[in-house]
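Encoded as structure tokens, the structure appears first; notes follow it.
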Amino acid sequence: MASSRLNKGLLICVFLAMLPGCGSKAQDQDAASETTGQSNGSNSPASTVTTGIDPANYAGRFQIKLTKEVPLRDIPVPFTVYSGLEEASPTRLQIRAFMDLRGLQEKAPQILTGPLEESCKRQIYLEVRDVTAIGDTVKVEGSARAQFTRCNRREEAGIRYFGATVDAVAVAKAEVKGQCLTFSIENVDLNPRGFIGAVSNLFGLTNRINEAVLEKGGEFLAANPVCPPLPEEFAVLDPIYESGGTREIAPGGMGAAVVGSADVSAETIVKVLAGLKALGVLEFAE
């Protein structure tokens, strides 16, 4: 019995170390204090109930909550991970995690607003006004301001020959790639404004704006996945995320579900405990 309790305790320590977002010593100490505890088989203990999130999304023999802050484009973004874990095999731990991304959703207009393209031929500036989760997709509403210019001899933007502003609605999704959630644009719907917008349609410039939003916006999202850092000390866990993606929380809130597993062999646990000791999370008698 004592051995069983010890093994369960070690699994919790391992998962706390493995969870995305662990970074500094202070953060990991905070994370350890935020553990919600074990459920003893129940999937709905009072300590794990949170607004709008179904506990079935992170069901498991043990349930853990971890709150972290991750910088994206130098903007601090808070998010919370709710995780359920149980034995998948003698040496692997199954992970069911649900990430509350409403902090990212709130900061998204600030993060995403800015230039999409600044070449000598065209300059496109994106302004994001609102981000809403719908099922397993994310709707992004805003506008794109485009300016078309002629290149001068130095390959710099020269004389402007056309400019237009279009309202834009993009639909995006996220999928698990390695340790990250990578977003991609599914489609974009543009609505040109007024007479200038009609002219831009006539000359095919709206399509060029659409292609630029898809191409440059897609490149930006691919280059900036949601990747909470994994400390070097815990790389030995080799977590494998097999599936997941964006999920709606309550009406319009953005979240993400992840399912995977991690190595918890005896050798790995010993290495993780050494890492926890180095971080000051655990103390051992000399």
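Couple of notes before you dig in:
- Among the residues of region 63-102, the ones that are within 22 Å of Leu221 (Cα to Cα), in contact with a helix residue (DSSP H, G or I) (Cβ under 9 Å, 6 or more places away or on another chain) and of a type in the set (Asp, Glu) come to 1 in all.
- Qualifying residue in region 53-64 (condition: touching a Ser or Thr at 6+ places or on another chain (Cβ under 6 Å), touching a residue at least 24 places away in the same chain (Cβ under 8 Å) and part of a strand (DSSP E or B)): yes
- Conditions (1) more than 30 Å from Asp54 (Cα to Cα); (2) open to solvent by less than 60 Å² (accessible area, probe 1.4 Å); number of the one not met by Arg145: (2)
- Hits in region 80-108 (condition: buried (at least 19 other Cβ atoms within 10 Å of the Cβ), closer than 21 Å to Glu242 by Cβ and at pLDDT below 90): Val81, Tyr82, Ser83, Gly84, Leu85, Leu93, Ile95, Arg96, Ala97, Phe98, Met99
- Listed by first and then second residue, the pairs linking a residue in region 176-190 that is of a type in the set (Lys, Arg) to a residue that is crowded, with 19+ Cβ neighbours inside 10 Å and at pLDDT below 90, with Cβ atoms under 9 Å apart and 6 or more places separating them unless they lie on different chains, are Lys177/Tyr241.
The values are calculated or read from the model by the stated rules, or taken from the named source; none is laboratory data. Quantities reported herein were computed from a predicted structural model and do not represent experimental measurements. In this analysis, Cβ positions are derived from the backbone assuming ideal geometry, glycine residues included, and neighbour counts consider all displayed protein chains. Please note that ligands, DNA and RNA were not included when accessible areas were found on the heavy atoms of the full protein model with its side chains. Shrake-Rupley method; radii C 1.70, N 1.55, O 1.52, S 1.80 Å.
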